[in-house]
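Below is one structure, written out as structure tokens; comments come after it.
Every read-out reported here was derived from the displayed coordinates using simple, explicitly stated rules and does not represent laboratory data. Computed from a prediction, not measured in an experiment: that's the story for all the values here. Because the Cβ atoms are built from the backbone with ideal geometry, glycine has one as well, and the counts that use them run over all protein chains shown.
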Amino acid sequence: MVTVIKTGQSIHRIFNYNENKVKVGVAECIGAGNYPIDSDKMSLSMKLNRFLKQLELNENVTRNSVHISLNFPPSESHLSKENLLVIAESYMEKIGFGKQPYLVYQHHDAGHPHIHLVSIKVRPDGSRIDMNNIGRNQSEQARKAIEKEFGLVNAEAQKKQEQYRLNPVSAAKVMYGKSQTKMAIQNVLEAVLKQYRYTSLPELNAVLKQYNVIAERGSENSRVYQHNGLLYRILDAEGNPIGVPIKASLFYNNPNLKFLEEKFIENEAKGMPHKARIKNAIDLLLTGKKVTLQNLIKALEKQGIHIALRQNSTGLIYGITYVDHQTKCVFNGSVLGKQYSAKAIQERCQPKTVPGQKLPPHSAQEPIGLQPQTKAGEAETKAHPNALQITTPFKEIENLLDTLMQPEQASNYLPYQLKRKKKRRRRKNLNNNQ
């Protein structure tokens with residue numbers, strides 16, 4: 001059993017999140033704790049008002065809501081609702097929430113059985129429940145005890161088995177038109193935002209795009225950008241945004257720009273120890289070997305490292321981001337070091353040759369930017385206006401170099417003055433003889 005504990009500032013958001021899933025048929029409320037009547041006999045307002053009334057006892061508690069998920073491996077799909085309710089009751093008692101009002105929801109929108117528990121942090125006497133390190137202490141002890149008591153799969157052993165399965169998070173890819181937009185994006189955000197260590201919006205998008213989701217601020221002139229807003233959108237198979245964008249504030253955990261900026265700072269230090277894994281993997285593949293960029297991408301994918309390339313409209317690669325699904329760390333290439341930037345990686349990789357294409361002699365030794373200018377290369381020249389170009393054919397260059405490198409020729413030429421002096425000497429000698 002794997003537990004995930006989250007706290008929030010709004011019980012409305014957490015409650016509505018679960019009830020909306022009930023409304024569309026992918027979840028059901030299977031039970032309640034410390035409520036006067038059974039959950040199936042209560043209206044929505046009765047469920048919510050029980051929380052709100054108790055929260056009024058201490059309005060100084062800002063993060064007053066609690067959202068817990070208990071996750072079981074697919075092999076335990078045989079667990080009945082009765083079993084799940086007994087497990088939920090035992091868990092809440094062991095972590096100190098046994099006397100708190102709580103609702104139990106069973107979700108059916110993932111490949112493994114799991115339940116969600118909704119509760120509050122204010123006790124019946126108005127005191128606040130301290131949840132510092134509850135996940136590491138009370139929850140961990142409760143998990144071990146419940147696994148032993150109910151004969152469940154040990155989470156630690158399960159984790160060791162899955163360490164070698166370097167798959168991305170288990171959020172299903174979003175397909176526009178096939179799943180409800182907001183709910184699908186919410187599932188992806190839940191799996192990515194708190195698990196991965198990203199330090200900028202482009203780094204976050206390098207992960208989200210693998211699930212057909214993107215976070216956008218809009219253009220600089222847009223109202224969303226000027227008010228520090230954030231939108232989430234679905235991408236089609238070609239990576240183009242489709243459908244109506246959804247504001248961050250409409251999701252129950254409010255993953256707005258302020259929230260992300262706090263995560264950027266928090267993740268900066270957490271990711272530092274994990275840089276070496278990516279650098280070592282790249283160096284091992286490239287040192288002393290002829291590897292194309294495409295082969296490098298495929299080889300790193302097998303090790304759980306995804307490469308996200310940023311390209312302009314002409315296909316020129318100007319940026320690279322590494323997503324390590326094993327350590328859950330995301331790094332821009334330049335952050336790892338100059339050798340791992342987009343430009344350096346392309347230079348370290350062997351260029352991909354087109355079948356039937358003949359490279360000019362000694363082209364591998366020629367520096368970049370000294371290729372002859374051709375019509376096919378005009379687009380690349382525009383992209384690199386400072387690159388040197390040689391338009392003279394290679395044969396003419398070789399002839400010119402041969403001429404310049406030839407040794408100097410001997411010559412019988414004498415300056416006119418020297419010749420004149422010899423004639424004068426002869427005349428003087430003739431005069432003396434006469």
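Quick notes on this one:
- A simple spin-label model places the labels of residue 99 and residue 141 1.8 nm from each other, with each point 7 Å out along Cα-to-Cβ.
- Listed residue pairs exceeding 18 Å between alpha carbons, taken from 53/121; 41/94; 279/338: 41/94
- Distance from the Cα centroid of segment 287-303 to that of segment 61-135 is 44 Å (rounded to whole angstrom).
- Here the residues 327, 287, ranked from fewest to most Cβ neighbours within 10 Å of their Cβ, fall in the order 287, 327.
- In nm, spacing of pseudo-spin labels at residue 150 and residue 217 (7 Å Cα→C-beta vector): 4.5 nm
- Pairwise label distance in nanometres, residue 63 with residue 294, each label 7 Å out on the Cα-Cβ vector: 4.8 nm
- Whole-angstrom gap from segment 244-274 to segment 1-44, using each part's C-alpha centre: 25 Å
- Applying the criteria of a DSSP loop state and at most 14 other Cβ atoms within 10 Å to the trypsin sites (Lys or Arg not before Pro) of segment 83-146 yields 99, 136.
- Legend: residue pairs 47/99; 21/258; 21/270; 209/302; 21/194, Cα-Cα distance threshold 23 Å; pairs beyond threshold, 21/258; 21/270.
- Shown here for segment 244-321: trypsin sites (Lys or Arg not before Pro) in loop regions (DSSP other than H, G, I, E, B) with at most 15 other Cβ atoms within 10 Å, namely 289, 290.
- Ranked packing of 104-115, 28-39, most packed first, by mean Cβ within 10 Å: 104-115, 28-39
- Considering only 62, 46, 79, and ranking their Cα positions along the charge dipole of segment 40-86 that arises from unit charges at the beta-carbon of Lys, Arg, Asp and Glu, the one farthest toward the positive end is 46.
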